[in-house]
1. Under 28 Å between alpha carbons, and skipping anything fewer than 8 positions from Lys105 in its own chain: which lysines qualify?
2. Roughly how many debye, to the nearest 20, is the charge dipole of segment 73-185 about its Cα centre, given +1 on each Lys and Arg Cβ, -1 on each Asp and Glu Cβ, and no other charges?
3. Taking a quarter of the surface of the Cα convex hull of segment 123-232, what do you get in nm²?
4. How far is helix 2-17 tilted, in degrees, relative to the longest principal axis of the Cα atoms in the chain, given as a value from 0 to 90 rounded to the nearest 10?
5. Under 10 Å, Cα contacts only: if you run a Gaussian network model on the chain, which one of Lys160, Lys118, Lys174 comes out with the highest mean-square fluctuation?
6. List the lysines whose alpha-carbon lies under 23 Å from that of Lys190, not counting same-chain residues fewer than 8 positions away?
7. At q = 0.10, 0.15 Å⁻¹, what log₁₀ I(q)/I(0) does a Debye calculation on the Cα points of the chain give, no solvent, two decimals?
8. Give, as a single signed number, the net charge of other residues whose beta carbon lies under 9 Å from the beta carbon of Val262, with Lys and Arg counted +1 and Asp and Glu -1.
Amino acid sequence: MRLIILGMFFIFMQLACSPTSVPQAIGTLERDRVTFTATSNEIIRELPVIEGSIVEAGQVLVRLDAKNQQAILANAIAKKAKATAFLLKLTNGERVEDIASAQAKVAQANAQFVEAQKNYRRQVELIARKLVSQSDLDSALASRDKALASLNSTKEEFSKLTAGSRIEDIEQAKAELAASQAEVVLQTQKLDELTIVATRDGILDNLPYNLGERVALNSVVAVMLANSVPYARVYVPAPHRIHFIPGLKVTVHVDGVEQTLVGTVRWVSHEASFTPYYALTENERARLMYLAEVDLEDSAATFPSGIPAQVDLIINNSTGD
């Protein structure tokens, strides 16, 4: 009996003299959250994937009503076609038929001028013989001048048709075409954005809206969790911050997992905050904490997000490469 009492006393003495428990940074396992927002105030027409499903990059998550945007895109395409046709008209020149018509008008005006010129000369001869009055000569002169003006006008129109468009007009038409092409690209992009697709592999975590609801502009319509190895997001007490730096190798404990993991600190906040409620202890309620993220091994890929995790704060002065 005496030996048992002495043995128990020895054990209690060892426990009393043993060092305190290892200080830890407390937090949870997390994955990157990918949120998708609505780019237009439209109605949800399709939700092809249910919450909790595993999705791949490019898979459709939400479809919004696209009728209004399709009409806007059709209008932009029509304006582009109009600008294209106008530029072709300027660069290709006038039709052969229009040029031939202008040439015929020049020939007609030239014939009228020749006739008016001959009539004027006859009136000059007759006025010299005093067979006609001065008014007849004046009328013949006016007819000749009118025919000459008409001839010059038709020649200028013919020259205009055969000379082609002005450089300034062509450059303006090119600018209008470029603007219409950019508008088509923009409206096409807006139409594509009404179909929300996964941008990476992961798990569809949340669909805040139901089928048939109208969403507000810039509201979150889908939330994904990246399908990758989770990381530990923990709060480091201020006294341990000086040694807790990116690249540091640390020991990570995950609730429900007996084996410890090796993690690598990838980021530590430069701004301190007070201890979150779930990390409060009697001695740490007034301490400042620094949020940190610790990458885990590939063996943690199957661990769910939100599981409590702890990181040992005993530093061995070992850092990553």
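1. Lys89, Lys118, Lys146, Lys155, Lys160
2. 320
3. Over all viewing directions, segment 123-232 projects a mean Cα-hull area of 17.7 nm².
4. 30
5. Maximum among the listed residues: Lys118.
6. Cα-Cα hits under 23 Å: Lys67, Lys79, Lys80, Lys82.
7. -0.87, -1.17
8. Details: positive: Lys249; negative: Glu297.
After counting each charged neighbour, the total is 0.
Any read-out appearing in this document is the output of simple, stated calculations on the displayed coordinates, not a laboratory observation. In this text, all values refer to a predicted model and were calculated from it rather than measured experimentally. Note: ideal-geometry Cβ built from the backbone for every residue, glycine included; neighbour counts use all protein chains shown.
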